[in-house]
Amino acid sequence: MKLSPKIILLGPPGSGKGTQAKRISEFCKSPHISTGEILRKAVSGTDKTARRIKFYMNKGKLVPDEIIFSIIRKHLKKTDAKKGFVLDGFPRNVQQSEVLKKILGDVDLIVFNLKVGTDTIIRRLSGRRVCKVCGSNYHMEFQPPKFDEKCDRCKLKLYQRDDDKQVAIKNRLKVYEMESKPLVRYYQKKGFLISTNGERSEEKIFSTIKKYLK
Ligand code: AMP
């Protein structure tokens, strides 16, 4: 069985965790597990859990732990986490990291922390637009679509995620500071943390990360 590193990406919303996680996952040939993506798919349902998830996500708040734990247990099992994984958006608080430790046991992790300032985060998130059909991401300033606010591929109007709107962004930043930032110290103490400047280009950040994946 070929083993890949067990990787966690930390960083505020809009720090580029998803983009780097995708690249690492391709490079290491290990599954990319994004709790944000999984939850966005889950809210398309109409059941009580879907409505509950939507309520928290739209406000930029953390979805309750019991929902997250059942998702993460299922996905770690499904993807055979013993071989390696790239976790993006989980853990989001110290309690979640303790549960992860219980699931995995005493294993070595590589935790990349993408450091990005508040002004950059707000600019990145508020300009982000997504195509509901094909999932392509655009940015009205940095990577605009060719015509109006329409997807280059599907030609349909792009939308702004509810949690990328002003009030939700503020909440997400507050939640990050209070709940997720303590994880930086938590993993630093364990000797797993690698912090890097997330304000650089996607390419430069990945070339730093790659050095640790050999
Ligand atoms: P993301 O795409 O990682 O920015 O996540 C989008 C939203 O999904 C967050 O603002 C939370 O509402 C929810 N979410 C994602 N991951 C978690 C998690 N590990 N724990 C609780 N809520 C989460």
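Since only 4, 14, 107 are under comparison, the one whose Cα sits farthest along the positive direction of the charge dipole of the range 1-132, derived from C-beta charges on Lys, Arg, Asp and Glu, is 14.
Computed over protein heavy atoms with a 1.4 Å probe, the accessible surface of the chain works out to 57 Å² per residue. Here residue 147 and residue 202 are evaluated by their C-beta separation; at R0 = 30 Å the FRET efficiency comes out at 0.80.
The C-alpha atoms of the chain define a longest principal axis, and helix 48-59 lies at about 80 degrees to it. Ranked by the mean number of other Cβ atoms within 10 Å per residue, highest first, peptides 174-184, 120-130 order as 120-130, 174-184.
What dipole magnitude, in Debye to the nearest 20, does the chain give about its Cα centre under +1 on Lys/Arg Cβ and -1 on Asp/Glu Cβ?
Details: 48 positive and 23 negative charges, 73 e Å.
Rounded to the nearest 20 debye, it is 360 debye.
Suppose R0 equals 22 Å. What FRET efficiency, 1/(1 + (r/R0)^6) with r the Cβ-Cβ distance, do residue 156 and residue 122 give to the nearest 0.05? Working shown, then result.
Working: r = 27 Å, r/R0 = 1.21.
Step by step, r from the Cβ atoms, then E = 0.25.
Count charges around residue 44 for me, please; just the other residues with Cβ under 11 Å from its Cβ, Lys/Arg as +1, Asp/Glu as -1. Don't skip to the end; give the middle numbers.
Values: positive: 40, 41, 54, 132; negative: 47.
Charge balance in the 11 Å sphere: +3.
Using 19 Å as the cut-off for backbone N distance, which residues of the range 173-213 belong to the label zone defined by a point 7 Å from the Cα of residue 65 along Cα→Cβ? Once the point is set 7 Å along Cα→Cβ of residue 65, 175-187 turn out to lie under 19 Å by backbone N, inside the range 173-213. Out of the total accessible area of the chain (probe 1.4 Å, heavy atoms of protein only), what percent is carbon and sulfur? Its accessible area is 52 percent carbon and sulfur atoms. For the range 84-100, putting each phi into the Karplus relation 6.51 cos²θ - 1.76 cosθ + 1.60 with θ = phi - 60° gives couplings of x, 6, 10, 8, 10, x, 9, x, 10, 8, 5, 4, 5, 5, 5, 5, 4 Hz, in residue order, rounded to whole numbers and with x for Gly and Pro.
The values are calculated or read from the model by the stated rules, or taken from the named source; none is laboratory data. The shown structure was predicted, so the numbers you read here are calculated from the model rather than taken from an experiment. Glycine gets a Cβ as well: all are built from the backbone with ideal geometry, and neighbour counts include every protein chain shown. Quick note on the areas: whole protein, heavy atoms, side chains included, nothing else; ligands and nucleic acids left out. Shrake-Rupley method; radii C 1.70, N 1.55, O 1.52, S 1.80 Å.
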